[in-house]
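Engineer: Here it is, the structure, as structure tokens.
The values are calculated or read from the model by the stated rules, or taken from the named source; none is laboratory data. What you see is a predicted model; the values in this text were computed from it and never measured. Positions of Cβ are generated from backbone atoms using ideal geometry, with glycine treated the same way; all protein chains shown enter the neighbour counts. Ligands, DNA and RNA are excluded from the accessible area calculation, which covers all protein heavy atoms including side chains. Shrake-Rupley method; radii C 1.70, N 1.55, O 1.52, S 1.80 Å.
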Amino acid sequence: MAETRSSAEITVRRGTVDDIPQFRALGEAVVPPTYGPIDPAYAQRMLDEWWIPEVFEKSLARNAHLVAERDGRVVALGSFGRLSRSYRDFPYVTGDREVMWKLYVHPDHQGLGIGSRLLGQVEALVEGDELWLEVVDGNDPAFDFYRSHGFEEVERISDDGPFPDDVWMRKVLR
Ligand SMILES: CC(C)(COP(=O)(O)OP(=O)(O)OC[C@H]1O[C@@H](n2cnc3c(N)ncnc32)[C@H](O)[C@@H]1OP(=O)(O)O)[C@@H](O)C(=O)NCCC(=O)NCCS
């Protein structure tokens, strides 16, 4: 009998440093199929620079992390925090903003409502009236997902380098 999957069996909890090896495994499963078709060098850069234990330790110290778990395995990750507390620089941004830095669902578990559930929980935890996020230009499924959940494109940022632009989106929560 085909195994039916639903988000009913999913538990959502706060992520911790103990989850870092599973964050890496999730990255290895979801980054190549998502960004490889857009820009293989960028996909590799993401794995080499942003999905590594050192960066997760820094991010866990600054941002809230939510994980979705099935059968004890992390199948999705969401993280968010204040831009002013980020370890990255944003010279073009004036003022502060609350940003969802990551929302990733393992390819085997996409389309089951897990991403929407994590996003809903992030929105409930945001202190201010707006939530911001970045989408890589060319990641149309994610762009459409966010638009279908009330986010609007605000600005496109190019780093004048070889990599795709960053598209900033915002949702007014209240
Ligand atoms: C984008 C992502 C987080 C969405 O999470 P998900 O669990 O797959 O999505 P959900 O099952 O919660 O989304 C379902 C709902 O979102 C909407 N939706 C999802 N994709 C959509 C699309 N391409 N266009 C319009 N609506 C869309 C629909 O309303 C859909 O509900 P329905 O199936 O009942 O119609 C997930 O697919 C993912 O991790 N993708 C790869 C990595 C990535 O791009 N992450 C974002 C980086 S910025």
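Engineer: Only residues that are open to solvent by less than 30 Å² (accessible area, probe 1.4 Å), under 14 Å from Met169 (Cβ atoms) and more than 11 Å from the ligand (Cβ to nearest atom): list them for the stretch 127-159, please.
Structural biologist: Answer for the stretch 127-159, where residues must be open to solvent by less than 30 Å² (accessible area, probe 1.4 Å), under 14 Å from Met169 (Cβ atoms) and more than 11 Å from the ligand (Cβ to nearest atom): Leu131, Trp132.
Engineer: Here's a check for you: in the stretch 107-123, which residue that is of a type in the set (S, T, N, Q) and in a helix (DSSP H, G or I) is nearest to the ligand (Cβ to nearest atom)?
Structural biologist: Among them, the one singled out is Ser116.
Engineer: If you don't mind, there's one more thing I want to ask. Check Arg62 against each of (1) within 16 Å of the ligand (Cβ to nearest atom); (2) under 16 Å from the mean Cα position of the chain (by Cα) and name the one condition it does not meet.
Structural biologist: Every condition holds for Arg62 apart from (1).
Engineer: For the stretch 48-55, does any single residue satisfy the condition of being touching a residue at least 24 places away in the same chain (Cβ under 8 Å), acidic (Asp, Glu) and open to solvent by 40 Å² or more (accessible area, probe 1.4 Å)?
Structural biologist: No: the stretch 48-55 contains no residue that is touching a residue at least 24 places away in the same chain (Cβ under 8 Å), acidic (Asp, Glu) and open to solvent by 40 Å² or more (accessible area, probe 1.4 Å).
Engineer: Return the residues of the stretch 67-111 that are aromatic (Phe, Trp, Tyr), open to solvent by less than 40 Å² (accessible area, probe 1.4 Å) and modelled with pLDDT under 95; say none if nothing qualifies.
Structural biologist: Within the stretch 67-111, just Phe90 meets the criteria.
Engineer: Evaluate the stretch 84-106: report whether one residue or more is away from the ligand (no atom under 14 Å from the Cβ), more than 16 Å from the chain's Cα centre (by Cα) and assigned to a helix (DSSP H, G or I).
Structural biologist: Yes, the stretch 84-106 has at least one match.
Engineer: Something else now. Hey, could you check the stretch 13-47 for residues that are among the aliphatic types (A, V, I, L, M) and within 12 Å of the ligand (Cβ to nearest atom) and say which is most open to solvent (accessible area, probe 1.4 Å)?
Structural biologist: So the residue we want is Ile38.
Engineer: Are any residues in the stretch 160-170 open to solvent by 40 Å² or more (accessible area, probe 1.4 Å) and part of a strand (DSSP E or B), and if so, which ones?
Structural biologist: Arg170
Engineer: Please go through (1) in contact with a His (Cβ under 6 Å, 6 or more places away or on another chain); (2) within 17 Å of Ile10 (Cβ to Cβ); (3) of a type in the set (Gly, Ala, Ser) for Ala124 and return the number of the only condition it doesn't satisfy.
Structural biologist: Of everything listed in (1) in contact with a His (Cβ under 6 Å, 6 or more places away or on another chain); (2) within 17 Å of Ile10 (Cβ to Cβ); (3) of a type in the set (Gly, Ala, Ser), Ala124 misses just condition (1).
Engineer: Ok, one more. Mind telling me which of the residues Asp144, Asp96, Asp140 ends up being more than 20 Å from Thr34 (Cβ to Cβ) and among the charged types (D, E, K, R)?
Structural biologist: Checking each option against the conditions leaves just Asp96.
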